[in-house]
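The values are calculated or read from the model by the stated rules, or taken from the named source; none is laboratory data. Since the model is a prediction, treat every value here as computed from it, not as a measurement. As a convention, Cβ positions derive from the backbone with ideal geometry for all residues, glycine included, and neighbour counts pool all protein chains shown.
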Amino acid sequence: MRTDCATSRPSPIRKPSDRRQFLLVTLTAFGLGRCIRADDAPQPQGTSDTPSDAVQDTGEADPSKVVIVKHRYTGEARNLSDVLAERGVKAGPEMQTQVVLELDDGRVLPILADWRGRAFYQDERLRDRKVTLIANRRSDLGYLQPLMVFTYDEQGNPQFTDYWCDVCSIPMYEIKPCECCQGDIRLRYTSQSPPDDVAIWAPEPQLPE
């Protein structure tokens with residue numbers, strides 16, 4: 001049987017025309033050049049290869065640089081408006097809600113109404129009386145953040161002060177329903193002295209002018 005050579009011969013591979021080959025080389029070189037320029041481009045000063053969701057400097061205080069010191073403070077818890085009135089300082093009614101600790105030397109330190117200090121704003125039984133606070137004070141904040149509260153009885157004996165649920169036998173630190181049974185709680189005094197291992201706060205000496 002005769003074989004047709006025309007049908008069994010492989011088709012010749014067509015080479016690209018000179019114009020197409022020139023265009024292909026040009027595009028390849030252009031793309032490679034862009035990649036090299038992008039990789040080698042200098043970074044703007046003050047920037048780095050960080051993800052877009054990286055924390056940026058907002059000008060706020062760096063928490064790692066804040067110093068928190070715990071001290072013992074003794075004085076009288078009072079409404080700031082009363083202290084100002086005694087000193088002849090006029091202020092608006094907005095100051096009536098601020099509670100401060102007036103020290104024996106006359107200095108006034110505001111009390112922060114947080115989880116422990118809020119009781120001074122809620123309970124008038126804690127105001128206008130001598131108290132000792134074990135409190136934190138931040139280097140970037142003038143407020144006292146109480147950790148422990150000690151009041152004194154009529155004989156001058158210290159007593160740890162908090163709130164107590166007689167049903168659930170759990171302590172609390174502000175006026176609110178019991179966190180367990182939702183019942184009433186009471187102000188509790190426990191005979192106890194402030195810890196001796198906490199230093200008494202002393203103001204830094206003022207440099208002469």
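Things worth noting here:
- Those residues of segment 77-89 which are assigned to a helix (DSSP H, G or I) and in contact with an Asp or Glu (Cβ under 7 Å, 6 or more places away or on another chain), in sequence order: VAL83
- Scan of segment 82-118 for residues that are surrounded by 14 or more Cβ atoms within 10 Å (Cβ to Cβ) and more than 26 Å from ALA202 (Cβ to Cβ), ordered by number: MET95, ARG118
- Counted residues, segment 166-209 - those being part of a loop (DSSP other than H, G, I, E, B) and touching a helix residue (DSSP H, G or I) at 6+ places or on another chain (Cβ under 8 Å): 3
- Screening TYR163 on (1) farther than 30 Å from ASP62 by Cβ; (2) assigned to a loop (DSSP other than H, G, I, E, B); (3) within 27 Å of the chain's Cα centre (by Cα); (4) not acidic (Asp, Glu) shows it passes everything except condition (2).
- Taking residues in segment 78-97 that are over 25 Å from THR132 (Cβ atoms), and partners anywhere that are modelled with pLDDT of 95 or more and of a type in the set (Val, Ile, Thr), not one pair has Cβ atoms closer than 6 Å while being at least 6 places apart or on different chains.
- Of all residues in segment 176-204, those being hydrophobic (A, V, I, L, M, F, W, C), more than 11 Å from TRP164 (Cα to Cα) and surrounded by 12 or more Cβ atoms within 10 Å (Cβ to Cβ) number 4.
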